[in-house]
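This report refers to the structure that appears directly beneath it.
The values are calculated or read from the model by the stated rules, or taken from the named source; none is laboratory data. Bear in mind that the values here come from a model prediction, so they are computed numbers and not experimental data. Cβ placement follows ideal geometry from the backbone for every residue including glycine, while neighbour counts extend to all protein chains displayed.
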Amino acid sequence: MNKISNEVREFILNEIKGHPSDIVSLVVKKFGFSRQRAHAYIAREVASGKIVKVGDNRWTRYFLAGGKFIEFKEKVKPTLYEDRIWSAYVKPMMLNYADNIQKICSYGFTEIFNNAIHHSEGTRIYTSIEINNNKLTITIIDNGIGIFQKIQKALNLESTRESILHLSKGKFTTDPAGHTGEGIFFTSRVFDSFSISSNDMYYTFANSEWFLSSEKREDFGKGTYIRMRLSLNSTKTLKEVMDQYSNQEIGFGKTIVAVVLSADPGDPHISRSQAKRLLIGLEKFKQIVLDFKGVESVGQAFVDEVFRVFKNEHPNILIKYFNANKNVEDMIKRGFSNLQ
């Protein structure tokens with residue numbers, strides 16, 4: 001490689017971080033090359049694996065392989081595969097990090113990107129991966145129908161707000177023939193925080209609970225926005241998280257359900273209808289753990305539907321609960337003192 005080639009190569013590698021979309025023009029201006037010749041130098045670095053090329057035509061971008069940032073848009077089509085996108089664009093950024101970090105990111109990225117391909121009913125997927133202050137942020141946005149609206153339609157729910165309850169349980173999918181519905185459940189738990197927004201609702205799962213997010217995000221229009229964050233010092237492993245909810249005999253058999261999501265904020269949990277909505281899909285599990293955090297009170301009908309009617313219909317399912325305040329605890333134990 002001659003002196004000018006070395007000079008051009010170093011210039012490209014030094015400048016590309018700040019000029020992912022106009023690096024060709026920058027090379028042309030710096031060295032007086034034709035655009036064709038500038039493209040040839042950049043293509044050489046892509047071929048060597050130093051640079052990653054994403055997109056096409058006017059949305060072509062170039063990023064350092066193993067760098068701290070990449071973004072790309074992909075058109076949804078039959079030949080779009082999440083594992084190939086992971087290997088080509090994201091994996092090079094992860095190679096210098098611990099094995100547990102690589103496995104968590106691989107699992108989370110491929111699960112969510114696959115959902116966008118097969119469930120969103122959208123035509124394009126935008127993705128960005130950023131490493132900053134030793135934290136990784138993965139953002140995936142589609143332009144589809146919106147996940148909460150799709151769940152509402154599939155379950156014939158009265159409002160989109162109820163959708164987060166069913167999504168949070170695990171084993172829910174609008175395509176049971178092709179998917180298990182486990183992806184979001186485990187992804188939300190293995191990352192430090194997992195945020196999901198669509199249809200003007202923005203929820204985050206962090207510190208073992210779902211809550212309405214107070215963070216601001218840019219308006220991305222219709223579709224589903226998902227953001228996952230993870231400390232690169234995390235000692236979590238995917239296996240450890242999955243083992244909390246499964247075993248070799250029954251597989252994914254345990255779920256934790258936030259009861260507060262089964263009613264509008266501030267509303268009491270009093271009716272059988274509320275209980276029945278809470279219980280949709282829970283017959284698929286062997287152990288149900290009800291988290292009563294944020295629930296101020298429950299009614300006799302609600303408790304009876306959960307702890308007697310449902311239990312009698314599914315005697316082999318173990319029901320536990322925690323985070324119940326004194327009022328809730330007293331109401332539950334009033335007629336069901338044998339419960340944990």
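When the residues of segment 132-166 are filtered to those that are outside any strand (DSSP E or B) and aliphatic (A, V, I, L, M), which remaining residue is surrounded by the most Cβ atoms within 10 Å (Cβ to Cβ)?
Looking at the filtered set, the residue picked out is 147.
Return the residues of segment 1-40 that are within 26 Å of residue 69 (Cβ to Cβ) and among the hydroxyl-bearing types (Ser, Thr, Tyr); say none if nothing qualifies.
21, 25 - these are the residues of segment 1-40 that are within 26 Å of residue 69 (Cβ to Cβ) and among the hydroxyl-bearing types (Ser, Thr, Tyr).
Report yes if residue 329 is assigned to a helix (DSSP H, G or I), of a type outside the set (A, V, I, L, M) and closer than 27 Å to residue 244 by Cβ, otherwise no.
yes
Of the residues 292, 302, 310, which single one is more than 13 Å from residue 255 (Cα to Cα), of a type outside the set (Gly, Ala, Ser) and in contact with a Leu (Cβ under 6 Å, 6 or more places away or on another chain)?
310
Take segment 212-238 and flag every residue that is of a type in the set (S, T, N, Q), exposed (fewer than 13 other Cβ atoms within 10 Å of the Cβ) and modelled with pLDDT under 80.
214
Restricting attention to segment 143-167, which residues are touching a helix residue (DSSP H, G or I) at 6+ places or on another chain (Cβ under 6 Å) and among the hydroxyl-bearing types (Ser, Thr, Tyr)?
Once the filter is applied, which keeps residues that are touching a helix residue (DSSP H, G or I) at 6+ places or on another chain (Cβ under 6 Å) and among the hydroxyl-bearing types (Ser, Thr, Tyr), segment 143-167 yields 160, 163.
Pick from 277, 308: which is among the charged types (D, E, K, R) and within 31 Å of the chain's Cα centre (by Cα)?
Only one candidate passes the filter, namely 277.
What's the number of the only condition in (1) touching a Ser or Thr at 6+ places or on another chain (Cβ under 7 Å); (2) not assigned by TED's automatic domain parsing to the domain that holds residue 185 that residue 8 fails to meet?
(1)
Would you point out the residue of segment 269-291, among those that are assigned to a helix (DSSP H, G or I) and touching a residue at least 40 places away in the same chain (Cβ under 8 Å), that is farthest from residue 333 (Cα to Cα)?
Per the stated criteria, the residue is 284.
Just checking, which of 294, 266 is among the small types (Gly, Ala, Ser), assigned to a loop (DSSP other than H, G, I, E, B) and surrounded by 14 or more Cβ atoms within 10 Å (Cβ to Cβ)?
After ruling out the rest, the residue left standing is 294.
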